[in-house]
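Taking it in order: structure first as structure tokens, then the write-up.
The values are calculated or read from the model by the stated rules, or taken from the named source; none is laboratory data. Predicted model only: the values in this text are computed from it and were never measured. For neighbour counting, all protein chains shown are included, and Cβ atoms are generated from backbone atoms with ideal geometry for every residue, glycine included. With ligands, DNA and RNA removed, areas are computed over all heavy atoms of the protein, side chains included. Shrake-Rupley method; radii C 1.70, N 1.55, O 1.52, S 1.80 Å.
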Amino acid sequence: MIIENKVMNHIKRYGPVSYSEFMQLCLYEFEDSYYRKQDRIGFHGDFYTSPFLHPVFGSLIAIKLFDMWNSLGQPNSFDVVELGSGNGKLCRDILDYARHISKEFYDAIKYLCVDVRPLTFEDLSEHEAKIQSIDLEQLLVSKIQGCILSNEFFDALPIDRVYREKNGWYEIKIEWYETGLRDVYVPLVEGPVLSQIDKWGLNIPEGCIAEVSTIFESMIASLERILDNGFILTIDYGDLSEDLYGNPVRKHGTIRSFKNNVQVANVLDVPGKQDITSHVNFSMLIQKGLDVGLKLEEFISQRTFMMNLGSELMLKKLERGSLDRSIYILNKRRIESLLDESGLGGFKVLLQSKKATLINHFLEEDSSNRLKVPILNRQV
Ligand SMILES: C[S@@+](CC[C@H](N)C(=O)[O-])C[C@H]1O[C@@H](n2cnc3c(N)ncnc32)[C@H](O)[C@@H]1O
């Protein structure tokens, strides 16, 4: 049976279902659910992410990890955990650049790729001995010293949707109606979704729809528990509560679907065959982190994050280099896209720490030529 039918049959039988249940079915539950089936990231897929655009992204993260490793006193074993590692592209770029920065640092790294599907990226063989592909359950019984990082992991976690009216809350659920799926508004009087709204004081204005995560809290608490000492680096789109819910352009919430690199009008279309995603409420990650003892180190835009780590210097080096004109333009454009505040550069970067304080060594100490620019040699 094809995935659409599996999801629809489930809803016909057990519905109405919550949005989180719907996302779980479409994206993860079945062997042919969206993220378990095939890699759909890239210009020929449904959407693209920063690692896909240019290896500079992973290289700058490698510099950040080098600073973390130094801040922890250069341990012989340094875990890098990547949540939602997808096809392994970011892992490859980080390890390539780590090897370039320092042999001791590279030798210390043990890289754990965490996803629902084993790695597929073909260019990982050089680093094979360092990489282990595991699932979230396996990770959550580990002990980590190093960094737990993610790019666009939290935005892919199932969320619930609520609507606020003058006299109360409704949960938006999904039901089968005649020939297809449709939203149904169910009064929300108790349960985990309402508890999250109350607990975090989510200030969703009247007449507005918003997403609420019942997973973020436990996810951050679990990550803190497995982290012996080190850092959690989270990169994603989203905002603080006040910007997320108070913004009139987000009156209908932020849940979206993408297919063939186009935003799809209806999230309920072709269940299991398109991406479903929503903006991350960083206030919850920060506040829950503080509650469980994670220190807030940084909360900045992707643009600032990259610039702090040397992206401008890399662009200058690129300009001074002797690349073929078309290759130069390709690389410059891609790097600039990563920095563009109206796009990927506007993503947020959250750095939290446990029993560690980050000292930025690399750029301050690096007067040599270590800051090399990784080059994309062809359009991919
Ligand atoms: C939007 S994609 C991002 C992939 C990659 N990080 C990138 O930047 O290209 C989200 C990834 O998170 C993974 N993911 C989401 N929830 C997960 C879970 N509970 N366990 C493991 N992986 C998960 C998905 O399978 C998917 O590969």
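Figures for the structure shown
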read-out	value
Subset of region 52-64 [open to solvent by 10 Å² or more (accessible area, probe 1.4 Å) and within 11 Å of the ligand (Cβ to nearest atom)]	F52
2 or more residues within 23 Å of R92 (Cα to Cα) and either open to solvent by 80 Å² or more (accessible area, probe 1.4 Å) or not polar (S, T, N, Q) (or both): qualifying strands (runs of 3 or more DSSP E) within region 262-380	348-354
Test: residue in region 174-190 that is in contact with an Asp or Glu (Cβ under 8 Å, 6 or more places away or on another chain), surrounded by fewer than 19 Cβ atoms within 10 Å (Cβ to Cβ) and aromatic (F, W, Y)	yes
Selection status of F216, buried (at least 19 other Cβ atoms within 10 Å of the Cβ) and within 22 Å of F22 (Cβ to Cβ)	yes
Any hit, region 139-157, residues being among the hydroxyl-bearing types (S, T, Y) and within 11 Å of the ligand (Cβ to nearest atom)	yes
Among the candidates N76, N70, residue that is away from the ligand (no atom under 14 Å from the Cβ), of a type outside the set (V, I, T), free of Cβ contacts under 8 Å to residues at least 60 places away in the same chain and more than 18 Å from S150 (Cβ to Cβ)	N76
